[in-house]
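The values are calculated or read from the model by the stated rules, or taken from the named source; none is laboratory data. The structure presented is a predicted model; accordingly, all values stated were derived computationally and were not measured. Note that each Cβ is placed from the backbone with ideal geometry, even for glycine, and that neighbours are counted across all protein chains shown.
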């Protein structure tokens, strides 16, 4: 455990997510993602007390993707145990959950345990590469954006590393991956049903914003207002 993100909302006075890494065979400390779930309130308080004395100005990570902006860095001395789904193509943990501290293990012993050095060391990023996000095939244009095709439509994806849920650390890319995986089941229930669309610019904090009639409607979604050019949409229908 080498860094953390400050919490927001209910976690405004504690940790929002832990940023963790593993050591490569050449001794470089590789960033492998953030852990934002699995904590009790008491454990967050305990971790805050352990991490604060270890703070440092610069990132200890020397390999892998860059940690998110706003990260608070610390000396790589604490070891955590996490449970996760699998490794991403970029060599990061997918859907990790915090399980506790490992006081029986030294930090320099933490390596990728599957022994797949090739995956732990992905090739240098090219201007445009292919990757996956859930069930979507992504044409990458850098580490934070990309393009994909859904039902013949070209979609641009931006700010994939933006944290949408500060309390858990879930990013925009992870949310897209989740919905792409459940879409085959979800869309069958939504087809033809009236929907209400709301936006929270502050992601749960602040005023709720309703879109204007027809404004920004996605293909396959029809907007229905009460008439007038500046009215807000009162309902949407999902396409079949």
- Task: Search the stretch 159-182 for residues being in a helix (DSSP H, G or I) and within 8 Å of the chain's Cα centre (by Cα), and hand back the single one that is surrounded by the fewest Cβ atoms within 10 Å (Cβ to Cβ).
- Result: 175
- Message: Just to be sure before I move on: is residue 125 at pLDDT below 85 and over 23 Å from residue 37 (Cα atoms) in the structure I sent?
- Response: yes
- Message: Name the single residue that is nearest to the chain's Cα centre (by Cα) among those in the stretch 94-105 being modelled with pLDDT of 90 or more and within 23 Å of residue 172 (Cα to Cα).
- Response: 97
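Here's the yes/no breakdown for (1) out of contact with any helix residue (DSSP H, G or I) (no Cβ under 6 Å at 6 or more places or on another chain); (2) modelled with pLDDT of 90 or more; (3) surrounded by fewer than 18 Cβ atoms within 10 Å (Cβ to Cβ); (4) assigned to a loop (DSSP other than H, G, I, E, B):
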residue	(1), (2), (3), (4)
10	yes, no, yes, no
13	yes, no, yes, yes
22	yes, yes, no, no
26	yes, yes, yes, yes
31	yes, yes, no, no
51	yes, yes, no, no
59	yes, yes, yes, yes
73	yes, yes, no, no
91	no, no, no, yes
